[in-house]
Amino acid sequence: MVWIEGGEFLMGSDSHYPEEAPAHRVRVGDFWMDRFTVTNRDFERFVAATGYVTLAEKPADPADYPGALPEMLAPSSTIFRAPQGPVDLRNHYNWWVYVIGANWRHPRGPASSIKKLQDHPVVHVAYEDVEAYARWVGKELPSEAEWEFAARGGLDAAEYVWGDELTPGGRHMANTWQGEFPHRNTLDDGFEYTAPVGSFPPNAYGLHDMAGNVWQWTCDWYQDHSRIDSPCCTVANPRGGLRENSYHPSEQEVRIPRKVTKGGSHLCAPNYCRRYRPAARMAQPIDTSISHLGFRCILRPDSTR
């Protein structure tokens, strides 16, 4: 783990996606953070020690998903599959497919395995799965503010984890998508799917893969930055809203609660998802596992924070 000395920073951005605004001053305390995202090897040790079964490995309860087709209730998870050519980018079902038998042991479908992916980030883990791992290892999940503060590495308001240029000197600094998403990936960074953790340079705090590779869970319920009571003022150790009031008023009908995820993934591309930036954020349903979402843990010296 890496020691992160707390401080004040500018969280969010006014220059990109609306959910990142408004940028606002935030202060966080000290904490330790995992240098890398949790790997398949790490998660395999946890499962071997506890017998834990992930959400994607269990059939869904029909009572939780009224009207769902029976085959959709089988143990499954969501996988990216590139279409043959250009598609409507407004419809993510053009590249996301629900695959029976996909899970953390079989990250690319039931015929795949993690045998050669031990040092890759574990994926297909829902929120309850990452919480279970964190409890077992004696750690916690970071808040959104803690995660973003750590990702910035002291570069307050910088565009990227490493500075303001996407590829400084032509060097790829993270595992992202090059080419035309979702059908043409030129693989200029050397990876089509996830990369082994630590394949790219760390940020100034010594943390690897705080951009790209896989999205990362945080413990915060998702809410709009615009709901902050005093965006003009520094907020100390902010945490996402409670489950019952976490949503923007226009989203009150959202049935599955959502947590904030951060960092972007190997599927983020300039033409579609420029979320390989520390300010970027995404709302992820807690019952969802997917092929480009993982996590890392922190340890707070003050457990009451």
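The values are calculated or read from the model by the stated rules, or taken from the named source; none is laboratory data. Source: prediction; values computed, not measured. As a convention, Cβ positions derive from the backbone with ideal geometry for all residues, glycine included, and neighbour counts pool all protein chains shown. Side chains included, ligands, DNA and RNA excluded: accessible areas come from the protein's heavy atoms. Shrake-Rupley method; radii C 1.70, N 1.55, O 1.52, S 1.80 Å.
With the Cα gyration tensor of the range 62-161 giving a ≥ b ≥ c as the square roots of its eigenvalues, does the rule (a/c under 1.5 for rounded; else a/b larger than b/c for prolate; else oblate) give rounded, prolate or oblate? Judged from the Cα gyration tensor, the range 62-161 comes out prolate (a/c at least 1.5, a/b above b/c). Checking (i) 50, 45, 42; (ii) 58, 46, 32; (iii) 54, 51, 33 against the coordinates, the calculated Cα extents along the principal axes in Å falls under label (i).
Hey, what's the per residue convex hull volume over the C-alpha atoms of the range 156-217, in cubic angstrom?
Values: hull volume 6.9 nm³, N = 62.
Value for the range 156-217: 111 Å³ per residue.
Convex hull volume of the C-alpha atoms in the range 1-52, normalised per residue: 141 Å³. Work out the FRET efficiency for A48 and S112 from their Cβ-Cβ distance, taking R0 = 25 Å, and round it to the nearest 0.05. Computed FRET efficiency for A48 and S112 comes out at 0.80. A simple spin-label model places the labels of E128 and M1 2.6 nm from each other, with each point 7 Å out along Cα-to-Cβ.
When the accessible area of the range 158-207 is computed with all protein chains present and a 1.4 Å probe, what percentage of it is carbon and sulfur? Display every interim value, and only then the final one.
Values: 1050 of 2300 Å².
Summing carbon and sulfur atoms, their accessible area is 46 percent of the total for the range 158-207.
Tell me, what is the per residue accessible area of the chain in Å², probe radius 1.4 Å?
Values: 13730 Å² over 305 residues.
With all protein chains present, the chain gives 45 Å² per residue.
Note on the chain: antiparallel DSSP beta bridges, both residues inside, total approximately 80 percent of the bridges counted. Mean separation of Cα pairs under 8 Å and 6 or more residues apart, divided by the residue count, gives the range 1-100 a relative contact order of 18 percent. Normalised by the number of residues in the chain, the average gap of Cα pairs under 8 Å and 6 or more apart makes the relative contact order 26 percent.
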